[in-house]
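Since the structure comes first, as structure tokens, the remarks are kept for the end.
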Amino acid sequence: VLGAPRDKTRVIHLAPRWSRPATPPAPVPGVPERYLVHLGTIEPRKNVAVLLDALASMPESERPTLLLVGRPGWGPPAFWESLTSHPMAEYVCHTGYVTDAQARALVAGASGLVCPSVYEGFGLPALEAMALGVPVAASTAPSLVEVVADAAPTLDPHDANAWADAMRAMINHGAQRDAHIERGIARAAEFSWSKASAEHERVLYETAQRDT
């Protein structure tokens, strides 16, 4: 995008803040027993409308609550209207801003985390959900594909039927969901802040050596 020389570019991954709890998380007061969570600022690139379209294609008896955790961001009036007037809006609960501890509890207690973004810089919510032992469904945005690897299904961000299938698999506990959880935990363990720190140190050292 920026035209920067590849030989002068280094990619250093972030890492999760959270790890899988030793015991099952306690229910969060005021939150439905069965819900899927989307974590992040709400804005057009997050593409949450496809999740509402997915809910519409599911039988009423199977529809979970969709918990949107994060503050409202930018977006034209038509964007917000498309969410609030959607026929599935009654299945959506928006928490607004929450603390890190609250976010951890809400993600840990979810049946799954959904990340249908058309663009992401990294995809930290997906990585942190996997670290907590929560299954993830992510879009085919390149950074999300890189982060989740084979630990989660990656879906066309505009295919509501595919998202409905993924959401159904996360709600209905089974072998596929269990496999995604185990692969997610293993994948998240490949990222660490000590590794990120060491890679930053290496870049700084190489830069200093080159300039002396």
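The values are calculated or read from the model by the stated rules, or taken from the named source; none is laboratory data. Computed from a prediction, not measured in an experiment: that's the story for all the values here. Positions of Cβ are generated from backbone atoms using ideal geometry, with glycine treated the same way; all protein chains shown enter the neighbour counts. Areas reflect the complete protein model, heavy atoms only, side chains present, ligands, DNA and RNA absent. Shrake-Rupley method; radii C 1.70, N 1.55, O 1.52, S 1.80 Å.
If you count, for each residue, the other Cβ atoms within 10 Å and average over each peptide, how do 131-141, 97-107 line up from highest to lowest?
131-141, 97-107
Kyte-Doolittle cut-off 1.0, length cut-off 18 Å along the helix's own axis using Cα: show which whole DSSP H helices in the chain pass.
none
So if I place +1 on the C-beta of Lys and Arg and -1 on the C-beta of Asp and Glu, and nothing else carries charge, what would the dipole magnitude of the chain be about its Cα centre? I want it in debye, nearest 20.
Around 440 debye, computed over the chain.
So, for the chain, what is the accessible surface per residue at a probe of 1.4 Å, expressed in square angstrom?
With the other protein chains kept in place, the chain gives 53 Å² per residue.
Starting from 0.36 nm per residue, how many nanometres of slack lie between His13 and Arg45 once their C-alpha separation is accounted for?
Result for the pair: 9.4 nm of gain on full extension.
Computing the accessible area with a 1.4 Å probe over protein heavy atoms, can you report the carbon and sulfur percentage for the chain?
Within the chain, the accessible surface is 56 percent carbon and sulfur.
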